[in-house]
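This report refers to the structure that appears directly beneath it.
Derivation of every value follows stated rules applied to the coordinates shown; laboratory data play no part. Since this is a predicted model, take the numbers as computed values, not measurements. Every residue, glycine as well, gets a Cβ built from its backbone with ideal geometry; the counts of neighbours run over all protein chains shown.
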Amino acid sequence: MNACVNPALALASGVLLVLLFPPFGFAWLAPLALTPIFIACAREPLWKRRALFGWAAGFLFWAGMCPWIQFVLEVHGGMGRWGGWGSFLLFGLYKGLPMAVFAVLAGWLANRWWSIPGGAALWTGIERLHGYTGFAWLDLGNAGIGMPYPMRLAPITGVYGLTFVFALIAGAVASIALRRPRRELAWLAPLALLLLALPRLPRPAEPHEQALVVQPNFDTEAEWTDDVTALAEQKLALLSRIDPGTPGRTSLLIWPEAPAPFYPNEPLFRRYVGHIAQDAQAHFLFGAVSFNQQHQPMNAAFMLDPTGAIEGEYDKVNLVPFGEFIPPMFEWVGRITHEVGDFVPGERVVDFKVDGHSVGAFICYEAVFPDFVRQFVHRGAQVLVNISNDGYFGHSAAHEQHLLIARMRAAENRRWLIRATNDGITAVIDPRGRVMDRMAPFVQTSKLMAFDYESAETAYTRYGDWFAWGCLVAGVGLVTLGLLSPRPNGAER
């Protein structure tokens, strides 16, 4: 019986995890999403079987959450339908492996008096490792962005504190279903006290600054001839005009990362963007292609001052595999971007100065790395800007998913965050992680968007992923303890 039921339970967790996020958005399921796989791991004595159903659940989760990757590979990677689906299948199988590892280890924790916090710590610690496996995206804790009590943890533990809370509750429900001693539910008591004791989320505040944010809606597959480029630059110039009669002062003009041949080292384009900054009489932040001393391309963000002079440059540190570079041994996979040669990564975090304030600008996919984004704030950034080209996502749920990720970065660091995107979703997020303003996607437009500068530093900004790494150590330690102590229900086969 278990041979059929346990895999079904594990797959149920895979489905529940998918349902948490856009396009479904059933975030209220987050505290229960891991309950089925916890039960399955406790019921299944053979680690090889746990590995298989954990792997299947992981595949289902990643394939169900990121079906848009197949579209990206087929359409923008030039791989065709079969190549796109084949590569997507390999992606899902590869990304399912961490859940296979979790299922194996969770079985060695099961039926112990410490299994509830041990399982939660183990899941949280393994989740922290996703960035090291080639691709990271939504974490379980991201589902809590709209939940006031769990969100109190975000400025202290980052998203991983919310992950731990949901996993802990899921483990407790599994314990009830497995008829474990009720005294083990006492692990929930300190959690409830902690959430009630933590400071409330900051009250909404009226922003005092404004930025003109441009959403160009460029075709990602456009052929950039001289005429097409000239027309695009004319449209951008029109969208970047600030009406002199506009109430208040607009100190910042922002263009997103865009699939256009923008090279600030070329004199003509350099003069063009310089005039844009002068006409706007604002600091001008935009995405473009830079080159290092070896003339290798770099995905960069440039800041011009109101005179048109280049004030600073940030070169993207975290590049997208297959999007901006091809990993070794995968040369047969097409690159999504059309730059000649692989991009090379930058080496340092940079903050830009705007009227005595500090602006931290990170690029596109870098939003998925909490510890990296917080480094901008730790260096002094008083507002965050995420410039992105999400045009490769088509009309998929990836736009909403990317926005959800950025919202957590704002809440972790208690900063206003401006998302400037090529085709959406362009938005302003407040320090609580709430979307305060947004543009309609897939339209060419610009808008004045209000924000503010903040100076206070959160514990997460200061100390980073201390909690997640602690969970990994604790989880592995408790698994080891479980292996070394006698099995309560007989020896594992």
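Charge tally around ASP465: other residues with Cβ under 10 Å, Lys/Arg +1 each, Asp/Glu -1 each, net +1.
A protection proxy built from the mean count of other Cβ atoms within 10 Å ranks the segments 387-399, 154-166, 225-237, most packed first, as 154-166, 387-399, 225-237. Pairs exceeding a 31 Å alpha-carbon distance, out of LYS95/LYS316; LYS95/LYS235; LYS48/LYS316: LYS95/LYS235; LYS48/LYS316.
Size descriptors for segment 209-451 (Cα atoms only): Rg and Dmax, in that order, 16.7, 57 Å. Ellipticity at 222 nm from helices only: DSSP H runs of n ≥ 4 in the chain, each -39500 (n - 2.57), divided by the residue count, give -13000 deg cm²/dmol. The share of alpha-carbon pairs in segment 37-114 lying farther apart than 20 Å comes to 42%.
Specify the angular offset, from 0 to 90 degrees and rounded to the nearest 10, of the alpha carbon long axis of helix 2-19 from the longest principal axis of the alpha carbons in the chain. So the inclination is approximately 30 degrees.
Once Rg and the Kirkwood radius are both taken over the C-alpha atoms of the chain, their ratio Rg/Rh works out to 1.00. Other residues with beta-carbon under 11 Å from the beta-carbon of ARG152 carry, at +1 per Lys or Arg and -1 per Asp or Glu, a net charge of +2. Along segment 63-75 the Karplus relation, 6.51 cos²θ - 1.76 cosθ + 1.60 evaluated at θ = phi - 60°, assigns HN-Hα couplings of 5, x, 7, 10, x, 5, 5, 4, 4, 4, 5, 6, 7 Hz to successive residues, with x for each Gly and Pro. Using θ = phi - 60° and the Karplus relation 6.51 cos²θ - 1.76 cosθ + 1.60, list the HN-Hα couplings for segment 430-447 in order, rounded to whole Hz, with x at every Gly or Pro. So the Karplus estimates, Gly and Pro as x, are 8, x, 8, x, 8, 7, 9, 7, 8, 9, 5, x, 6, 10, 8, 7, 8, 7 Hz.
Each label point was placed 7 Å from the Cα along the Cα-to-Cβ direction; for SER455 and CYS4 their separation is 6.7 nm. With Cα atoms defining each centre, segment 1-70 and segment 265-317 are spaced 46 Å apart in the structure. Packing around the peptides 93-105, 270-282, taken as the average count of other Cβ atoms within 10 Å per residue, puts them in this order, highest first: 93-105, 270-282. Would you please state the base-10 log of I(q)/I(0) at q = 0.13, 0.19, 0.23 1/Å for segment 384-487, with intensities from the Debye formula using one equal scatterer on every alpha carbon? For the requested q values the scattering log ratios are -0.60, -0.91, -1.15.
Once the chain from GLU313 to LEU185 is taken as fully extended at 0.36 nm per residue, the excess over their C-alpha distance is 40.8 nm. Peptide packing for 441-452, 181-192, 296-307 was compared via the average number of neighbouring C-beta atoms within 10 Å per residue; ordered from the highest value, the list is 296-307, 441-452, 181-192. Applying the Karplus relation 6.51 cos²θ - 1.76 cosθ + 1.60 with θ = phi - 60° to segment 475-481 yields 3J(HN,Hα) values of x, 5, x, 6, 4, 4, 4 Hz, where x marks Gly and Pro.
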